[in-house]
Structures are given as C-alpha cells and as structure tokens.
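Remarks on the structure that follows.
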Amino acid sequence: MRIANIIAYILVIVGALNWGLFGFFNFNLVSSVFSGARTAGSVIVYTLIALSALWLILSPFITNGVLWLKNRRAE
C-alpha cells in the first residue's frame with residue numbers, strides 16, 4: 001500500500017503541475033511530451049493520473065482513515 005500511495009501522490013502532483021502550467025501559461029506539459037493531447041501516451045498518462053486521484057480518495061476508507069507513506073513501526 002505504501003508504494004501505491006507514493007506513486008499516486010507523484011502522479012497527482014504531475015497532474016496538478018500540468019493544470020497549473022496550462023492555467024498560467026497555456027502550456028500543456030503532457031501534450032508537449034507526447035506530441036499531442038490525444039496520443040496514446042497522453043491518454044495513458046491522463047488515465048493514470050485520474051486513477052491515482054481516485055486511489056488517494058478511496059485509500060483512507062480502505063485503511064480505516066490512515067494514508068501510509070512511511071513504514072509502520074512495531075510498537
């Protein structure tokens with residue numbers, strides 16, 4: 001779960017930065033990397049970002065309100 005949470009955070013940050021760049025400078029980073037907004041690479045990245053956002057919404061419900069980003073210590 002910890003790895004999934006870290007990957008999800010990274011992808012959601014990429015999505016947020018892409019929206020910020022698009023809002024401020026009318027520059028779509030994902031589209032420019034993959035040479036178009038509807039190319040296979042762009043669609044895959046957008047889909048992964050959306051799934052990551054859903055994961056970050058649902059993960060605390062699965063783990064009783066805890067979003068693990070570090071290893072759990074034995075108490």
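Take segment 41-75 and flag every residue that is modelled with pLDDT of 85 or more, over 12 Å from Ala4 (Cβ atoms) and over 13 Å from the mean Cα position of the chain (by Cα).
The answer is Gly41, Ser42, Val43.
Name every residue in segment 1-13 that is surrounded by 13 or more Cβ atoms within 10 Å (Cβ to Cβ) and in contact with a Leu (Cβ under 8 Å, 6 or more places away or on another chain), in order of residue number.
Asn5, Ile6, Ala8, Tyr9, Leu11, Val12
Here's a check for you: in segment 14-32, which residue that is small (Gly, Ala, Ser) and over 30 Å from Met1 (Cβ atoms) is surrounded by the most Cβ atoms within 10 Å (Cβ to Cβ)?
Filtering first and then ranking leaves Ser31.
List the residue pairs whose Cβ atoms are under 9 Å apart, where the first residue sits in segment 1-24 and is closer than 15 Å to Ala53 by Cα and of a type in the set (Val, Ile, Thr), the second is modelled with pLDDT under 90 and exposed (fewer than 15 other Cβ atoms within 10 Å of the Cβ), and the two are 6 or more positions apart or on different chains.
Listed pairs, sorted by first residue: Ile6/Leu69.
Looking only at segment 33-51, which residues are in a helix (DSSP H, G or I), open to solvent by 60 Å² or more (accessible area, probe 1.4 Å) and of a type outside the set (Val, Ile, Thr)?
Hits for segment 33-51 are Ala40, Tyr46, Leu48, Leu51.
The values are calculated or read from the model by the stated rules, or taken from the named source; none is laboratory data. Everything numeric in this text was worked out from a predicted model, so none of it was measured. Heads up, the Cβs are rebuilt from the backbone with ideal geometry, glycines too, and the neighbour counts pull from every protein chain shown. Keep in mind that these areas ignore ligands, DNA and RNA; they rest on the heavy atoms of the full protein, side chains included. Shrake-Rupley method; radii C 1.70, N 1.55, O 1.52, S 1.80 Å.
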